[in-house]
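Some notes on the structure that comes next.
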Amino acid sequence: MPSITINGRSLDFTPGQTILQIANANGIEIPQYCYHEGLSIVASCRICLVECMAPNPKSGTLEPFMGGKLLPSCQQTAVDGMVVMSDSPKAVANQKAVMEYLLINHPLDCPVCDQSGECFLQDYSYEYGRGVSRFEESKVKNPKKDVGPHVYLYSDRCIMCTRCVRFTREVSGTAELLVQGRGNKEEIDVFPGVPLDNELSANVVDLCPVGALLDKDFLFAQRVWFLRETAGIDPLTASGDNIWIHNNEGRVYRVKPRANPAINKWWITDEVRYGWKFVHSEDRLRSPMRRQFGALVECDYTKAYDDVVDALRAAVAAGKKTALVVSPMLTCEDAFALAAFARKADPNAILALGHVPFVGTDKVFPAGAREDDPKAFKMYAEKAPNARGVKRVLDSFGGEVLTYDQLLPRLGAGTGSSDINALIITGNYPADWVANDFLAALAGKFVVLIDTLLNTLVDKASVVLPGATFAEKAGTFENARHVLQAFDQAIPVIPMAKSEGQIALDLTAVLDGQPAPREREVPVVIETTRGQVAAGAQVALPYAQPFVAASIRRQMAAAFPALAVFADGVRLPPEPPRAQSGMKMVEL
Ligand code: SF4
Ligand code: FES
C-alpha cells in the first residue's frame, strides 16, 4: 500500500485520495473552509495549502514537489513517498495571511452571532490567526438578506467558500444560490424572485463554516455551548436518516444531520429538521384519563391500569376478541413490550400494525438522479419511521397479525359487525391521522388509547394513557432499506407521561397482581446504559422495572429466534463528540 508522511506521521492511503482526505481520516488537523466531503473540490479558500516534497521518479531522492510551491491539500492527490508539511514556516505564514485577509471585512460580532462556538473562522483565528488586526480602513458592509423560508444570509460574515452554492447545484439540484459581483463586493445571492425554497434548503446552514447562513428557527434561541448532542434517527419518515438532537434542560432546540455515508450522507430534509416541534406542543396529553359517566376525567395510573386489565379480562371471559394496534411511529422495543402484554392478557389477541401514512411520492435529489447513484439523496413518501420494525416484531409473536387495512374490516368498518370487544391503540403521530371509517368502527368497544397528542381518538377512548415522543425515549427503528438503527433518549419524558414500553411493562405487572408502587415504595433504578435519561422515570413511577431499551433488546433476542438480530445486529449510534479546548482555564 502506498504511504505518505504528513507532519512527521507516516500514513497508508488508497490511490486517488487527496492529502487533506488522508489527514482528515487520520485526525491530523489541516485548516479547511471550502472543502467538504459531499461536494466538488474547488480549492478556492487557500487556507489548506501545504508544503510538499516527493521522490524524484528517476533518482528516487526527495525533492520539493511542483517547484516547492505551496499546494492546496484538498485538491492535490497523494503520491507514494510524499512528505507533506502543514506546519512548516511557509505553510503557517500562508495560514496567517489567509486568516488576516478573511478577517479584513468580517464584522467583530461573535458575541451576537449564532455560529459562535461552532465557527471555523473563530476556531482558526484562535489557532492560526494573528492576535491583532493591521487593517485601519473602513470595513465593507455587505447586506443581510432573507433568502428563503428557513434561511437568513448575513453577507458581511461570508468568506465566499461557495459551499452553499455548490450544494444547491450538486445535491438539491435546485441552483437557487449564486455568486454575484467581484472583489470585495462579491456576494452570495438568490436569483431575482427565486427564494432558497427546496426540501433540503436548510442544509446550507450546516455547510456554512461561518455564521453567514443562519437558521431562522434557531436564531438567537440558545448559545451552542449549552447544547447537549444526542444521537437520534429520523422519527418522521422511513428514511432512517441519522440526526443529532440538540437539547438543553429538557428542551429540544434543533435537529441537525449526523453524517452517515451509507444512509443520509451529510444531509437531512427540512421536514425532518423542523418536524420535532410537537414534542413541546401545548396539545400533549399530560395525564392518564378514564371515562366516568360518559366523560373523560383525569385519574391516577392505578385506576387507569386497573380499568385496562379488567376490560381485557372481561372480554376474554365473554369469549370476545381483543386487539392491539401498534403504531409505526413506535420503536421495536415498545412494540415487543406491548405485544408481550397483549398476548399475556389474551393469548389469542390480534396484533396489528397501525396506519402507515404516505404523502406524495418518493423524491430523489438532484432531480433526474438514479436512486442507486452514490451521490443521490432520497426523500421518502412514507411518513413513519418504523413500519418494518414493528411488523418484524409482531410477526415473531405468531398468531393473528394484521395490517391496518386488514384490521379495518375486522373492526366492522363498512359492515358494523365485529367480534373485537376491547382494543389498545397506540398513536405517537406528529399530527392527527385518524380516518372517519376507523373512528366509526370503534363505537361500542372498550378503547385504550396510548398517545402523545390530543386528537379525535381521545373522544372515543375509555382510557387514555399519555405516551412519550421519540426524543423522550431510546429504541430502535428499521428504515425502508431494512437497516435497524438504535438511538438514544435525548430529554426526560414530560411529567406524568411514560414511554409506551414502560406502560406495557407496568400493565404486565398489574396483570401479574403486583401492587402499585406507592404501596411498596419501589426505588427507581435506571440501568447504567447508554441512551437512557435517568430523570425520565421520576415523576410517574413505574409499576414494573424501568423500561431500558438495551435490556429489552436482549429479551427480544432471547424470546424469539426471528429477533436474534437485536442481540448484536443493531447499529448503535456513536458517542457524541467531546469538544477539546486548547484554552487554559484561568482561576479568577
Ligand atoms: S454563505 Fe457561508 S457557505 Fe455560502 S459562501 Fe458564504 S461562507 Fe460559504
Ligand atoms: S480547503 Fe483547500 S483550498 Fe479551501
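Quick note: the coordinates plus some simple rules give every number you see, no bench work behind them. From a predicted model like this one, the values you see are computed outputs, not experimental measurements. As a convention, Cβ positions derive from the backbone with ideal geometry for all residues, glycine included, and neighbour counts pool all protein chains shown.
At-a-glance table
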item	result
Cα-based reach from Lys139 at 24 Å (exclusive), listing lysines while leaving out same-chain residues under 8 positions away	Lys96, Lys185
The chain: calculated mean residue ellipticity at 222 nm from DSSP helix runs of at least 4, using -39500 (n - 2.57)	-6500 deg cm²/dmol
Order of His280, His36 under a 10 Å beta carbon neighbour criterion, fewest first	His280, His36
Sum of side-chain charges, Gln115 neighbourhood, beta-carbon under 12 Å (Lys, Arg +1; Asp, Glu -1)	-4
Rh by Kirkwood over Cα pairs, then Stokes-Einstein D for the stretch 124-170 at 1.002 mPa s and 20 °C, µm²/s	158 µm²/s
Whole-Å distance, taken between Cα centres, linking the stretch 140-169 and the stretch 465-517	42 Å
In degrees, nearest ten, helix 500-511 long axis to first principal axis of the chain (Cα)	30 degrees
With Cα atoms, 0 to 90° folded angle of helix 549-559 axis to the chain main axis	60 degrees
Degrees, to the nearest 10: 332-345 long Cα axis against longest axis of the chain	10 degrees
Surrounding net charge for Asp156, when Lys and Arg each add one and Asp and Glu each subtract one, Cβ distance under 13 Å	+3
Summed residue charge, Cβ within 11 Å of Ile188's Cβ, Lys/Arg positive, Asp/Glu negative	-1
Computed over the stretch 3-100, Kirkwood Rh from alpha-carbon pairs, angstrom	13.5 Å
Trypsin sites (Lys or Arg not before Pro) within the stretch 119-223: DSSP coil, no more than 15 neighbouring Cβ in 10 Å	Arg130, Arg134, Lys139, Lys141, Arg182, Lys216, Arg223
For the chain, share of DSSP beta bridges that run antiparallel, in % to the nearest 5	70 percent
Cβ-based exposure ranking for Thr5, Thr174, Thr361, Thr469, in which fewest neighbours within 10 Å come first	Thr361, Thr5, Thr174, Thr469
Compactness of the stretch 1-59, expressed as Rg and Dmax over alpha-carbon positions, Å	12.5, 38
Nearby lysines by direct alpha-carbon distance to Lys445 (threshold 27 angstrom, same-chain neighbours under 8 apart not counted)	Lys303, Lys320, Lys321, Lys344, Lys391, Lys460, Lys498
Amide H contacts under 5 Å for Lys145, placed H, 5+ residues apart	Leu153, Tyr154, Ser155
For the stretch 92-105, 3J(HN,Hα) per residue [Karplus equation, 6.51 cos²θ - 1.76 cosθ + 1.60, θ = phi - 60°, Hz, x = Gly/Pro]	5, 4, 5, 4, 5, 5, 5, 4, 5, 5, 5, 8, 3, 9
Built amide H within the under 5 Å cut-off of Ile6, gap 5+	Leu11, Val84
Neighbour-limited loop hits for GluC sites (Glu not before Pro), the stretch 347-421 (at most 12 other Cβ within 10 Å; DSSP other than H, G, I, E, B)	Glu371
Kirkwood Rh and Cα Rg combined as Rg over Rh, evaluated for the chain	1.05
Fewest-first ranking of Tyr101, Tyr152, Tyr380, using other Cβ atoms within 10 Å as the exposure measure	Tyr101, Tyr152, Tyr380
Cysteines, the chain, no other Cys beta-carbon under 4.7 Å	Cys48, Cys52, Cys74, Cys110, Cys113, Cys119, Cys158, Cys164, Cys208, Cys299, Cys332
Where Rh is the Kirkwood radius over Cα pairs, Rg/Rh for the stretch 342-476	1.03
Contact order relative to length of the stretch 3-100, as percent, for alpha carbon pairs under 8 angstrom and 6 or more apart	36 percent
Ranked packing of 73-81, 24-32, 320-328, most packed first, by mean Cβ within 10 Å	320-328, 73-81, 24-32
